[in-house]
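Asker: Dropping a structure here in structure tokens format, bear with me for questions.
The values are calculated or read from the model by the stated rules, or taken from the named source; none is laboratory data. Predicted model, so just to flag it, every value in this text is computed and none were measured. Glycine also receives a Cβ, built like all others from the backbone with ideal geometry; neighbour counts cover every protein chain displayed. To get the accessible areas, we keep the full protein, side chains included, count just its heavy atoms, and leave off ligands, DNA and RNA. Shrake-Rupley method; radii C 1.70, N 1.55, O 1.52, S 1.80 Å.
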Amino acid sequence: MGTIHPDVLHRQTGRVPRSGLAKMASHIKKDRQLLILFIPCMIFYVLFRYGPLYGLIIAFKDYSVYQGVWGSEWVGFEHFRRFFDSPDFWVLFKNTFLLGLFTLLWGFPFPILFAILLNEVRRAAFKKTVQTFSYLPSFLSVVIVSSMIIDFLSPTHGVVNEVLKQLGFAPKYFLTMPEWFRTIYVLVTIWQTMGYEAIIYLAAIAGIDPTLYEAAKVDGATRLQMMRHITLPGIMPTILIMFILKSGAMFRVGYEKVLLLYNPMTYEVGDVFSTYVYRKGLLETNYSYAAAVGLFESVIALVMLLLSNFVSRKAGGKGLW
Amino acid sequence: MVKKRRNKVQFSVFDLLLTVVLVLVAAVTVYPVIYVVAISFSDTASIVQNKVFLLPKGFNLNAYKAVLQDVRVPRAYLNTILYTTLGTAINLLMSAVAAYPLSRPNFFGRKFFLVAIVLTMFLNGGIIPTYLIVQKLHLIDTVWALVLPNAIWTIELLILKNFYESMSGSLRESAVIDGASEYRILLQIVIPLAKPALASIGLFYFMGHWNSFFLPMIYLNDPHLYPLQVVLKDMLISDQARETALMDKAALTPQAMKNATIFLSMVPVLMVYPFAQKYFAKGIMLGSEKG
């Protein structure tokens, strides 16, 4: 990260103080303007990033607003025990796992495929138009996207049911059917993210040596063969890195889309850790219990990230670090 | 000659399939937006009879008139504009200033600060402890609850830091020789030169604020303070609840009105879109290269 350019060496390159403390003091003095500039950033990270980490100790306490984080009574692992013993635990675990897994497995190939296909387009204007359109969903808010989905799937006026009716099927109220929840969620996620996730793969494809294609063309390779034997292997390192990142984040199923798309009839499949934390903590003001669930979720997510990184390195690939 | 023709045939079959698939993809990504626009300009009769698919039927502006007369939407629109402007300005200011010391190779404690900052991407307290801090600081029901807890996005900060590092140092060097302070160097040299990067991360901040619904939902209790997304969510969720309970359709927010609100909330996004998507791609690439 820190290569030293000759032009950024100290202004006073004269004497170098000997003792460590004196050295530090002179360093601080030299950098005092920079340190002043850095103060707002420091306050922000201490208050809003490390503060909540410290606040997590309420997961081991019975938080009361009056006694504050530090003054509240310690209860050890009580909240965790209660959570693991509750029937909610396995339901949430299963829902979070399956929603994350299906999003990963189904969602992962589409941006790659899209990027490869886009790369095959010869007319630059067409390619650009399609790509520009493909980002559009990622610019729309979750609320708008969810609203569109609800409208589209509505049994009374939705386009999907209108088509079903035309084809002679009975209309279905998809959003109240637990068996459809995950499918809808995954499809929406693919629709939202395919375009911008393809950007990374397109950049990787652009980095492939063009002489490889020329040589293959001379050898009479078809375009499909070139896609399979040049493009795909060429972006394999990127695919692997993305896969580690994604599987590391598998358990981080966001609450926003679930909150907007689920309803009491689909709680049994839609409720995930993050929505549970929101409901228990902010709606039922069960702060300590919700913080415990949140901490458990974070720990699982972190373990997943470390695990996928470890597996990838063991398999001989590059890890993230 | 013969060989060339055969090549061309293979080429066009492949190309035809490719074009068909990609046109379908483009259609699927854009269709919902077209549908929203079509519904918002259509008359109630056509909507109820499910006649609207692509173009407005019975074109009229009633829905937009109704939206503008509804007290909630114009107020929410103004709130959203205020929150987005203030939020993006603070984000950009904080990032532009904070990235500068971090980009200096010999900055005191640079390694330590960088590690501490990057760590927060993997470790965070989650919504409950954050909520309690915002509560403790008495920010609930104020704009600051939306602005301060996310005043810096770590990824954007790192992108900007990398951009500062990649800038040529010669201008800075001559400023140093002239005895300029770090504040002047940042303000008069670094920030003006970093405009493209600031535009790129500014876009992400802007989109984040404009589209944010969860934070306003948990931090704002007073309906007068609601931004557009929360009002939209209320229309949507309450309608869904009513429809689930199979209440009569008359109680629902009229389709056209809901879609008019959606379209109005998309207008600024669609307006910046043609310019933004270039920066958008760049921002994503920069973000993915940080490792």
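Asker: Test of understanding: among A:F273, A:F243, which residue is within 12 Å of chain B (Cβ to nearest Cβ) and either within 25 Å of A:L140 (Cβ to Cβ) or among the aromatic types (F, W, Y) (or both)?
Answerer: Only one candidate qualifies: A:F273.
Asker: Please give the helices (runs of 4 or more DSSP H) falling wholly within the stretch A:189-263 in which 1 or more residues are farther than 30 Å from A:Y173 by Cβ and in the same structural domain as A:F97 (by TED's automatic domain parsing).
Answerer: A:210-218, A:223-226, A:236-248
Asker: Which one of A:E214, A:E268, A:E179 is open to solvent by 70 Å² or more (accessible area, probe 1.4 Å), more than 14 Å from chain B (Cβ to nearest Cβ) and closer than 27 Å to A:F296 by Cβ?
Answerer: From the options A:E214, A:E268, A:E179, the qualifying one is A:E268.
Asker: Test A:R223 against the stated conditions and say whether it is at pLDDT 90 or above and either under 22 Å from A:L98 (Cβ atoms) or surrounded by 16 or more Cβ atoms within 10 Å (Cβ to Cβ) (or both).
Answerer: Against the criterion (at pLDDT 90 or above and either under 22 Å from A:L98 (Cβ atoms) or surrounded by 16 or more Cβ atoms within 10 Å (Cβ to Cβ) (or both)), A:R223 does not qualify.
Asker: A further question on this structure: Please determine whether any residue of the stretch B:60-77 is touching an Asp or Glu at 6+ places or on another chain (Cβ under 7 Å), over 17 Å from B:P149 (Cα atoms) and open to solvent by less than 70 Å² (accessible area, probe 1.4 Å).
Answerer: yes
Asker: With assigned to a helix (DSSP H, G or I) and surrounded by fewer than 21 Cβ atoms within 10 Å (Cβ to Cβ) as the only criterion, which of B:S168, B:S174 stands out?
Answerer: Only one candidate passes the filter, namely B:S174.
Asker: Just a yes or no: is a residue in the stretch A:305-317 away from every other protein chain (no Cβ under 11 Å), buried (at least 17 other Cβ atoms within 10 Å of the Cβ) and over 17 Å from the mean Cα position of the chain (by Cα)?
Answerer: Within the stretch A:305-317, one or more residues are away from every other protein chain (no Cβ under 11 Å), buried (at least 17 other Cβ atoms within 10 Å of the Cβ) and over 17 Å from the mean Cα position of the chain (by Cα).
Asker: So B:H138 ticks every box in (1) in a loop (DSSP other than H, G, I, E, B); (2) more than 26 Å from B:S200 (Cα to Cα); (3) facing chain A (nearest Cβ under 9 Å) but one. Which box is left unticked?
Answerer: Unmet for B:H138, out of (1) in a loop (DSSP other than H, G, I, E, B); (2) more than 26 Å from B:S200 (Cα to Cα); (3) facing chain A (nearest Cβ under 9 Å): (3).
Asker: Hey, among the residues in the stretch B:86-124 that are closer than 19 Å to A:L47 by Cα, among the polar types (S, T, N, Q) and at the interface with another protein chain (Cβ under 8 Å from one of its Cβ atoms), which one's least open to solvent (accessible area, probe 1.4 Å)?
Answerer: Restricting to residues being closer than 19 Å to A:L47 by Cα, among the polar types (S, T, N, Q) and at the interface with another protein chain (Cβ under 8 Å from one of its Cβ atoms), the top hit is B:T120.
Asker: Among A:T129, A:T103, which is open to solvent by 30 Å² or more (accessible area, probe 1.4 Å), within 10 Å of another protein chain (Cβ to nearest Cβ) and either out of contact with any Cys (no Cβ under 9 Å at 6 or more places or on another chain) or of a type in the set (G, A, S) (or both)?
Answerer: A:T129
Asker: Next up: Going by the structure shown, is A:V46 among the hydrophobic types (A, V, I, L, M, F, W, C) and within 13 Å of chain B (Cβ to nearest Cβ)?
Answerer: Considered against the rule, which asks whether it is among the hydrophobic types (A, V, I, L, M, F, W, C) and within 13 Å of chain B (Cβ to nearest Cβ), A:V46 comes out as yes.
Asker: Look through B:V143, B:V176 and report the one residue that is of a type outside the set (D, E, K, R), on the phi < 0 side of the Ramachandran plot and away from every other protein chain (no Cβ under 11 Å).
Answerer: Sole residue among the options that is of a type outside the set (D, E, K, R), on the phi < 0 side of the Ramachandran plot and away from every other protein chain (no Cβ under 11 Å): B:V143.
Asker: Looking only at residues that are of a type in the set (G, A, S) and either without any contact (Cβ under 8 Å) to a residue 60 or more places away in the chain or assigned to a loop (DSSP other than H, G, I, E, B) (or both) in the stretch B:22-61, which one is farthest from the other protein chains (Cβ to nearest Cβ)?
Answerer: Per the criteria, the residue is B:G58.
Asker: For the stretch A:87-167, which helices (runs of 4 or more DSSP H) that fit wholly inside it have 3 or more residues that are within 30 Å of B:L16 (Cβ to Cβ) and at pLDDT below 90?
Answerer: By residue number, A:124-139, A:159-166.
Asker: Scan the stretch B:144-156 for residues that are outside any helix (DSSP H, G or I) and either open to solvent by less than 20 Å² (accessible area, probe 1.4 Å) or at pLDDT below 95 (or both) and report the count.
Answerer: Qualifying residue count, the stretch B:144-156: 2.
Asker: Looking only at the stretch A:162-188, count how many residues are touching a helix residue (DSSP H, G or I) at 6+ places or on another chain (Cβ under 7 Å) and under 22 Å from B:V36 (Cβ atoms).
Answerer: Residues flagged as touching a helix residue (DSSP H, G or I) at 6+ places or on another chain (Cβ under 7 Å) and under 22 Å from B:V36 (Cβ atoms) within the stretch A:162-188 amount to 6.
Asker: If you don't mind, there's one more thing I want to ask. Restricting to the stretch B:209-228, count the residues that are within 10 Å of chain A (Cβ to nearest Cβ) and either under 14 Å from the mean Cα position of the chain (by Cα) or among the charged types (D, E, K, R) (or both).
Answerer: So the answer is 6.
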